[in-house]
Amino acid sequence: MNEKPEKLIDKKGIRLDGRKADELRPLKLQVGVLSNADGSAYIEHGKNKILAAAFGPREMHPKHLAQPDRMVLRCRYHMAPFSVQERKSPAPSRREVELSKVIKESLEPALFLELYPRTGVDVFVEVLQADGGTRCAAITAAALAIADSGVPMKDLVVACAAGKVDDTVVVDLFDAEDKLGAADVPVACMPNLNAVTLLQMDGILSPDEFEKAVNMAMEGCKKIYAMQKEALKTKYMVVKEVEE
Amino acid sequence: MTLKPSEQRNGNLVLPGERLGVIEEFIPDSGTYVKDGVIYSKIIGRALMDMLNRRVSVYPLNEGAVVPKVGVTVIGQIGNAQSDNVLVRIMGVGTKKNLSGIFSGILHISDVSDRYIDSMNDVCKPGDIIRAKVISGKNQIYHLTTSDKNLGVIYGFCSLCSTLLEQRQYEMHCPKCGNVERRKTAFDYGKEEI
């Protein structure tokens, strides 16, 4: 998709990839895909393919980063060189460093940091293929990986984006809509506690549009949360049967 | 808002953040936490609702987050050794044999045994696998003790040729080079599977 299409949404309200305004991309979630990690998850969100691995709690290295009263959560968001059309340098870019911080801060409220002082939990997010909305998919997968590792959590964290494309507020933007659209609002929340842990906005929205976008993203989060639960149950139901 | 018996979710798979009840109906036990009077699960597990004692707990389905705690038995490898203390790389805590990382512990000569010990060279050597108990988590390092008959070296290696040593009464013999060494062994030396 090199040229800008005239319209991102046709007269019937159908988007470039054939979705309606309030429709999510097809989603596939899998838990426990890596054997060397304490917890892991894999997400396919439309064309996004993301792996997440969680380790810990373990001793912090370097040791001076350890906090005497709480656990430290470290996140690394990284895009594989082959994840986008033009080769991406494997060195962490400014954007990746920022996303690592954003993901860390959106997951932190879900953890009991004071439970394991002087230790660290490491979360590694590897984007294998990117097609817009990777930060949301990354948060969804990272939360599953942490839950799978057995670190106590207040709630799962689930993220979904909404935005404005051709004067219409739509949910779950993909790459072309993200780049050519007017605005992007990623939202991460803890669905059971009804708490928002991440809220960003890139672009310009009127207050009404913003509210609509946040509500649509929250609706999307609820749908993804159901699938998140399903993914965890699929793994742990099987474990139970083996034990018996 | 009490759950009717038919709504009891005993043994059900629960996920972090799943609502289990309110503090008026249950006493929250392990695997749960309370926020604003509501009891939630904090791990993946099976919800156990003890209707007699009115307790709710979650039985974990994975090994979960394990860190050394005071009183817990750990398994570790000897790192740097000095004449009065050794560094221990803690690799297993309690029943979890393989941590994803290591925790650092220290075993001081005064915590090795009830008896008088001249030097740490008679207790363990670098590379040995020991079983020890955590006595303190302060000073940013775990202090260990082997002062019990089930604690001490469980696998010792010859300091000359690194062969697994055999225990003969009070001494350790190397089957390959015939070297004789001393160790503070656990009663089940060489038997535990790691």
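Dipole size of chain B about its Cα centre, with +1 on Lys/Arg Cβ and -1 on Asp/Glu Cβ: approximately 220 debye, rounded to the nearest 20. Where the centroid of each part is defined by its Cα atoms, how far is segment B:54-85 from segment A:4-61 in Å? Using only Cα atoms to place each centre, the spacing works out to 35 Å.
A dipole drawn for the protein assembly as shown from +1 and -1 charges on Cβ atoms has a positive end, and of A:SER206, A:VAL238, A:MET216 the residue lying farthest that way is A:VAL238.
Here the scattering of segment A:82-166 is modelled by Debye summation over its C-alpha atoms, one equal scatterer each and no solvent; at q = 0.11, 0.14, 0.23 Å⁻¹ the log10 of I(q)/I(0) is -0.36, -0.56, -1.21.
Under a GNM of chain B (C-alpha, springs under 10 Å), which listed residue has the highest mean-square fluctuation: B:PRO68, B:PRO28, B:PRO126? Looking only at B:PRO68, B:PRO28, B:PRO126, the largest GNM fluctuation is found for B:PRO28.
How much of the calculated P(r) for segment B:5-60 lies past 14 Å, in percent of all Cα pairs?
Details: 644 of 1540 pairs.
When all Cα pairs of segment B:5-60 are counted, 42 percent exceed 14 Å.
A Cα-only calculation for segment B:1-149 places Rg and Dmax at 21.3, 67 Å. Over chain A, what portion of Cα pair distances is larger than 21 Å, expressed as a whole percent? That tail contains 57 percent of the Cα-Cα pairs. When each of B:SER162, B:SER104 is scored by the number of other beta-carbon atoms lying within 10 Å, the sequence from fewest to most is B:SER162, B:SER104. Since only B:PHE103, B:THR145, B:PRO126 are under comparison, the one whose Cα sits farthest along the positive direction of the charge dipole of segment B:73-153, derived from C-beta charges on Lys, Arg, Asp and Glu, is B:PHE103. Ordering B:ASP29, A:ASP208, A:ASP38 from the fewest to the most neighbouring beta carbons within 10 Å gives A:ASP208, B:ASP29, A:ASP38. Across the options B:TYR155, B:MET172, A:MET60, the greatest Cα extent toward the positive end of the charge dipole of the protein assembly as shown (unit charges at beta carbon of Lys, Arg, Asp, Glu) belongs to B:MET172. For segment B:73-153, the Cα-based Rg and Dmax, in that order, read 11.5, 36 Å.
Which of B:LYS97/B:LYS176; A:LYS63/B:LYS42; A:LYS7/A:LYS47; A:LYS49/A:LYS154; B:LYS35/B:LYS97; A:LYS104/A:LYS212 have a Cα-Cα distance over 24 Å? List each step's numbers first, then the result.
Values: B:LYS97/B:LYS176 29 Å; A:LYS63/B:LYS42 28 Å; A:LYS7/A:LYS47 21 Å; A:LYS49/A:LYS154 27 Å; B:LYS35/B:LYS97 33 Å; A:LYS104/A:LYS212 26 Å.
Pairs exceeding the cut-off: B:LYS97/B:LYS176; A:LYS63/B:LYS42; A:LYS49/A:LYS154; B:LYS35/B:LYS97; A:LYS104/A:LYS212.
Cross-link reach is defined here as a Cα-Cα straight distance under 17 Å, omitting same-chain residues fewer than 8 places apart; for A:LYS28 the aspartates and glutamates meeting it are A:GLU44, A:GLU126, A:ASP131, A:ASP148, A:ASP172, A:GLU230. Using the Cβ-Cβ distance between A:GLN200 and B:LYS97 with R0 = 51 Å, the FRET efficiency computed as 1/(1 + (r/R0)^6) comes to roughly 0.75. Set against the 2.2 N^0.38 Å expectation for a compact globular protein, the protein assembly as shown has a Cα radius of gyration ratio of 1.20.
Any read-out appearing in this document is the output of simple, stated calculations on the displayed coordinates, not a laboratory observation. Model, not experiment: these values are computed from the prediction. Every residue, glycine as well, gets a Cβ built from its backbone with ideal geometry; the counts of neighbours run over all protein chains shown.
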